[in-house]
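The values are calculated or read from the model by the stated rules, or taken from the named source; none is laboratory data. What you see is a predicted model, and the numbers here were worked out from it, not measured in a lab. Neighbour counts are summed over all protein chains in view; Cβ atoms, including those assigned to glycine, are modelled from backbone coordinates with ideal geometry.
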Amino acid sequence: MESYPETLKTRLHDGAYEYRRDAFLAFLKSPVRDYKESPTVKDYVEITDKELQEMLYGEMKEIKESPEFSETANIRVFNDEIEVSDELQKQGVLVTSMVDALKSQPELVKKYVFPKMGKERIEFLINSSWRNGLFIFIPDGAKVTIRAHTISNASASFASKTVIIYGKESKVRYTDTYSTAGQGTGIQGKNIYFFGEESSRFDYLYLQDKAEGVRDITFVKQYLERYAEFQFFHINHGGSKVLFVDESQQIGLGSSFRVYGVNFSNGDQKMDIRDSSCQDGEESNADIQVRGVVTGKSSTIHRGNIDLEEKAIKATGFYDSKILLLSKDGFANSKPALEIKNANTRSKHGSAISNVDEEQIFYLRSRGIEDQIARGMVTAGFVGTMIEKANDEEFTRKVYQYAESLGANAFLATN
Amino acid sequence: MEVEYSKDAEMEKLLEDLKNSNIKKEDWEFHDNYKPVYSTGNGLNRKVVEEISDIKKEPDWMRRFRLKALEIFESKPVPTWGPDLSGIDWENTNYYNRPDDVNSTKWEDVPDEIKDTFNKLGVPEMEQKYLAGSVAQYDSEGVYHSLKKVWEDKGVVFMDLDSALREHPDLVKDYFCKAVPATDNKFAALNGAVWSGGSFLYVPKGVQIDMPLQTYFRMNGEATGQFEHTIVVADEGSKVHYIEGCTAPRYDRNSLHSAIVEIYAKKNAHARYTSVQNWSKSVYNMPTKRAWVDENAKMEWVGGSLGSKVTMLYPSSYLRGPYATTHNLNVSLAGPGTVKDTGAKALHLAPHTSSRIIAKSISIEDGKAIYRGLLRMNKGAEHSKSHVQCDALLINDNSTSFTYPHDEIYEPTATFGHEATVGRIGTDELTYLRSRGLSEDEASSMIVLGFLDDVMKEIPMEFAVEMNRLIKLEMGKLGAVG
Amino acid sequence: MPELKIKDLRASVEDKEILKGVNLTVRGGEMHALMGPNGAGKSTLGNVLIGHPNYKITGGSIVLDGINLTDKTPEERARAGLFLAFQSPVAVVGVKLSTFLRTAYRQTHPEDKVTLTEFYDRMKVHMKKVGLDESFMSRSVNDGFSGGERKRFEILQMVMLRPKIIVLDEIDSGLDVDALKLVADEIRDYYSDDVGFLIITHYQRILKNIEPQFVHVLKDGKIAVDGDNNLSLRIEEEGYDWIKN
């Protein structure tokens, strides 16, 4: 990666050059962990430097067939092209590409984008090498519903950066779908940063359903000011290797962060799903609930760190992970953590890994329901109870759909 | 037991003691001026290891083992994933200190100064009251051991490991470093190279010892290392309870304690290991403790980590046979300026095995309590169960707590649950208790005991006594609650 | 007219033989009671009939309308028309009662093209009859149900799934007098020449509401005595001690 600075100069010499350079330096400086993650494996989801290079130097490949966008999408992204519905623009929402924002919104970019370099090695690299992404600005007090659908070529490798800024007392509901066209083994990285101003409310539904071979790396960050509320529903379903890192940055007093995550790993998929809170704000709260369903030969690890800083007086943080391990060749793992630096707080984490209760399966079968369907029902029930708490229709529907469609192969290795 | 103890009474006493707390650390942080008869001087190299082996007149296999372990030690880096260990002065640590040639089975033969030390610590008193046997170790060597005749007649072996190596060489060789090989980690390798002392306890098939056996470790020298190696073998169908207590005076220069404890619970055996560690705040405490638990055997770890500057301790149970079970109870007290990086490991390697881990930590002032654990269910560990619970209590605003469990499940029929909480002494609770006439100290120690209650209920009597004696000293600081 | 033939049925749990050769035939239009002291193997029989994986059939056969069910899976037995009301039904967290019943019905009656609305309407009628509030439809199967609610739900499943041979295992336990009457009414309503019942019970209580024509006493894994309802009355007065194997 030594030749990167040259690439940086020639290929990506844009208004973010200094930001890119500093992020790249940060990437070079961040140490690579030299000990094994566990006694059995070095990394649960290993992303090698060779793969990162692919992501870095990848060319944007054309999608041959015309992309099938979700009908309701009011933002459509494919390749570097962005299409925004008129209705959204009428509401005063600014939607543009990151590349354009560097030119058209220098003030906003300077205020929000440049100061945030990220925390982790790969995140730094994405911040230095993104090709494009969305830049969205939602004014104070706006009430908007956004449905974005991003389609990329499954064989394309690239990094993107999306920044969403929403103003005071704004109320946003954002559905964000990532899928691919064709088959391929691209390595696709993205950083998605949210900036929530005072008393804003953001409901974010993230859905990743890329093609089988795609390696997906995602970093999500929420910078939350006073009383900003962020509800995050995420589903990871596709891809071969999925590294999903989500961490709130709760700066403001009374800011609130709720996460309901579900992921399905099957086949040879490897998923590393991390949901964490980093709380500086007094009386801030975080409540994270993640469910995983493991089938086939896949592996899932859930990590979550509740970090209550010295200043976060009266803050609360909860993390709860449950994984259903359905197959003999599957692997489930959880690494929750609490880092509590201030005594005037409450925090808790819980994690459980279990399989389907055979007595339940038997009961359903005794009523004439086929074994496989019975397992699908119990699995849907497992994720369903949590989803009901989330009380989001679209999210619930998707989760049930994936749970119930766990193919015959899902349970083959059981028994 | 000849003397009646009641846990409730102990609790009462603890509260009473807290109220009149004028006990000072000096109660065990004193040191005597006993000069070692022999010392290898500072630093570690091949010559030092050979010298230790020469002094001990060991068999050749042990000498070769030590030298091999030294190579491993030198090849492994100091672990960086946990607490800061830069305070260990590898060069200037004294790896072997021999107090005297005496290793007696008669208390009278022990040199007076050492005897005084153990007397002050209440060791002989405990032996009289409720022990089936005991060993006392002073710096690098055991100075005293005894075993009630009734157990000796049944074939029980209990003595320091050096004596055992002379008297029962084959038995020792069968178990030495089988569960904890020198390759396990840097500190295990160090122990392999310079080990001295520790206990060897062998309980023959079917022998059930109803009174505990105890070893008391005392580190006296400044900047010395204590590297004892303890082996407990509970043969098929036997039952044994082994207790360890440890203290050391406080010095300006850091000392290193790097022990190995290996426990073998054979088929249908029941082994319990209780340790109360109260090293002073100049000790780096880095032991490796591990049990092999065979079919239908039960292993219990009960631990109290009260003292030391830095402790890294994760007692492990390898559940090797079907229906093997392990319980692990641990209480850690991270006093001001100290780090307790403690936890437990359970590895389920066979079907129908079960484990239960309960860890409680208390952080006082800037004390840092860390729970770090590993739970693994291997493929084939069918229908195994595990539950892990770790709770932390923060006493002061600047107290911190970290929890890093790690769970790996490869078996779909296994059931596993983990829970952790971090809380503090709530103002409301304190106010409520104080409004009923309790002093702030009483109220907070009552809450602390309440926090520890579910562990206290399960711990054996002897441990409650020991806990009482030691925890109240730390708790005396509770005046600063707030 | 359906016919369930249990022939010389032997079964064991964890290598311990519980059923030691049970012979019993239940036909449409027949009401049988199976009584017996605790530990006689009554519940084992129910579980063995429906194919619980923990019970191993070591001999004999179970035949329903000429189809040998002995080696069949639980769902195949259910689809053949066999129904067991469990003594302690398990909770299936997250699976809604309505979804569960609809799926089960589709699998047991693939030929019936009943619409969803019709099905739910039918369900609501019967829920009322067994005394379950409509709000139960969106609850998880047996999750947080009281003992009585579980029993009512078992009976609801029976009438909805329309099986031919019904085994009721201690259906009266956990029910108060009023609930018992509701359940007994529902059983009598469903009873016809096309269905046969085997009522497993320790006490005579439910038999006062539903008068069986045949009473059998299971003792030490075998049918020790056969008789009519007078046999159950004698058991109420004298217990089981007088019965010799």
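Summary table below
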quantity: Failed item, numbered, when A:GLY296 is tested on (1) assigned to a strand (DSSP E or B); (2) surrounded by fewer than 23 Cβ atoms within 10 Å (Cβ to Cβ); calculated: (1)
quantity: Any hit, the stretch A:272-280, residues being out of contact with any Gly (no Cβ under 9 Å at 6 or more places or on another chain), over 30 Å from B:ILE362 (Cβ atoms) and facing chain B (nearest Cβ under 7 Å); calculated: no
quantity: Strands (runs of 3 or more DSSP E) enclosed by the stretch A:312-415 - at least 1 residues per element that are more than 7 Å from every other protein chain (Cβ to nearest Cβ) and either buried (at least 24 other Cβ atoms within 10 Å of the Cβ) or at negative phi (or both); calculated: A:316-325
quantity: Pick from the stretch B:171-205, criterion of a type in the set (Gly, Ala, Ser), in contact with a strand residue (DSSP E or B) (Cβ under 7 Å, 6 or more places away or on another chain) and over 21 Å from B:GLY82 (Cβ atoms), ranking: modelled with the highest pLDDT; calculated: B:ALA179
quantity: Every residue from the stretch B:228-240 that is farther than 15 Å from B:LEU165 by Cβ and either surrounded by 24 or more Cβ atoms within 10 Å (Cβ to Cβ) or in contact with a Leu (Cβ under 6 Å, 6 or more places away or on another chain) (or both); calculated: B:VAL232, B:ALA234, B:SER238, B:VAL240
quantity: Search result, residues across the stretch C:52-73 that are more than 14 Å from every other protein chain (Cβ to nearest Cβ) and touching a Lys or Arg at 6+ places or on another chain (Cβ under 6 Å); calculated: C:THR58, C:GLY59, C:GLY60, C:SER61, C:VAL63
quantity: Selection from the stretch C:24-51 of residues that are within 14 Å of another protein chain (Cβ to nearest Cβ) and at positive phi; calculated: C:GLY51
quantity: Within the stretch B:352-365, tally of residues that are farther than 19 Å from B:SER305 by Cβ and either without any contact (Cβ under 8 Å) to a residue 12 or more places away in the chain or out of contact with any His (no Cβ under 6 Å at 6 or more places or on another chain) (or both); calculated: 3
quantity: Any helices (runs of 4 or more DSSP H) falling wholly within the stretch C:142-224 and containing at least 1 residues that are among the aromatic types (Phe, Trp, Tyr) and either surrounded by fewer than 16 Cβ atoms within 10 Å (Cβ to Cβ) or more than 14 Å from chain A (Cβ to nearest Cβ) (or both); calculated: C:177-190
quantity: Residues (within 24 Å of A:ARG201 (Cβ to Cβ), in contact with a helix residue (DSSP H, G or I) (Cβ under 9 Å, 6 or more places away or on another chain) and among the charged types (D, E, K, R)) located in the stretch A:88-140; calculated: A:LYS116
quantity: Residue in the stretch A:126-139 that is part of a loop (DSSP other than H, G, I, E, B), among the charged types (D, E, K, R), closer than 30 Å to A:PRO31 by Cβ and in contact (Cβ under 8 Å) with a residue 24 or more places away in the chain present; calculated: yes
quantity: Identity of the residue in the stretch A:178-193, of a type in the set (S, T, N, Q) and more than 11 Å from the chain's Cα centre (by Cα), that ends up surrounded by the most Cβ atoms within 10 Å (Cβ to Cβ); calculated: A:THR180
quantity: Those residues of the stretch B:197-231 which are under 22 Å from B:GLU58 (Cα atoms) and free of Cβ contacts under 8 Å to residues at least 60 places away in the same chain, in sequence order; calculated: B:PHE200, B:LEU201, B:TYR202
quantity: Matching residues, the stretch C:122-141, being without any contact (Cβ under 8 Å) to a residue 24 or more places away in the chain and assigned to a helix (DSSP H, G or I); calculated: C:LYS124, C:VAL125, C:LYS128, C:GLU134, C:SER135
quantity: Members of the stretch C:81-121 found to be assigned to a helix (DSSP H, G or I) and either of a type in the set (Lys, Arg) or more than 9 Å from every other protein chain (Cβ to nearest Cβ) (or both), listed by number; calculated: C:LEU97, C:SER98, C:ARG102, C:ARG106, C:LEU116, C:THR117, C:GLU118, C:PHE119, C:TYR120, C:ASP121
quantity: Residue match in the stretch C:73-85 (condition: of a type in the set (A, V, I, L, M), closer than 30 Å to C:GLY144 by Cα and in contact with a Ser or Thr (Cβ under 7 Å, 6 or more places away or on another chain)); calculated: yes
quantity: Those strands (runs of 3 or more DSSP E) lying entirely in the stretch B:356-421 with at least 1 residues more than 7 Å from chain A (Cβ to nearest Cβ) and in contact with a helix residue (DSSP H, G or I) (Cβ under 8 Å, 6 or more places away or on another chain); calculated: B:385-394
quantity: Some residue of the stretch C:22-43 being in contact (Cβ under 8 Å) with a residue 12 or more places away in the chain and more than 25 Å from C:ILE210 (Cβ to Cβ); calculated: no
quantity: Residue in the stretch C:59-66 that is in a helix (DSSP H, G or I) and either touching an Asp or Glu at 6+ places or on another chain (Cβ under 8 Å) or more than 29 Å from C:ASP193 (Cβ to Cβ) (or both) present; calculated: no
quantity: First in the stretch A:32-52 and within 16 Å of B:ARG376 (Cα to Cα), second anywhere and surrounded by 11 or more Cβ atoms within 10 Å (Cβ to Cβ) and among the small types (Gly, Ala, Ser), Cβ under 8 Å, 6 or more apart; calculated: A:TYR44/A:SER38; A:TYR44/A:SER299
quantity: The stretch A:165-183, residues that are assigned to a loop (DSSP other than H, G, I, E, B) and without any contact (Cβ under 8 Å) to a residue 60 or more places away in the chain; calculated: A:GLY167, A:LYS168, A:GLU169, A:SER170, A:GLN183
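To keep it simple, each residue is scored yes or no on (1) over 17 Å from B:THR247 (Cβ atoms); (2) under 18 Å from the mean Cα position of the chain (by Cα); (3) surrounded by fewer than 24 Cβ atoms within 10 Å (Cβ to Cβ).
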position	(1), (2), (3)
B:LYS281	no, yes, yes
B:ALA297	yes, no, no
B:LEU306	no, yes, no
B:GLY321	yes, no, yes
B:ASN328	yes, yes, no
B:GLY343	yes, yes, no
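Rundown of residues vs (1) farther than 12 Å from A:GLN208 by Cβ; (2) part of a strand (DSSP E or B), yes/no style:
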{"site": "A:VAL220", "(1), (2)": "no, yes"}
{"site": "A:ARG226", "(1), (2)": "yes, no"}
{"site": "A:GLY239", "(1), (2)": "no, no"}
{"site": "A:GLY261", "(1), (2)": "no, yes"}
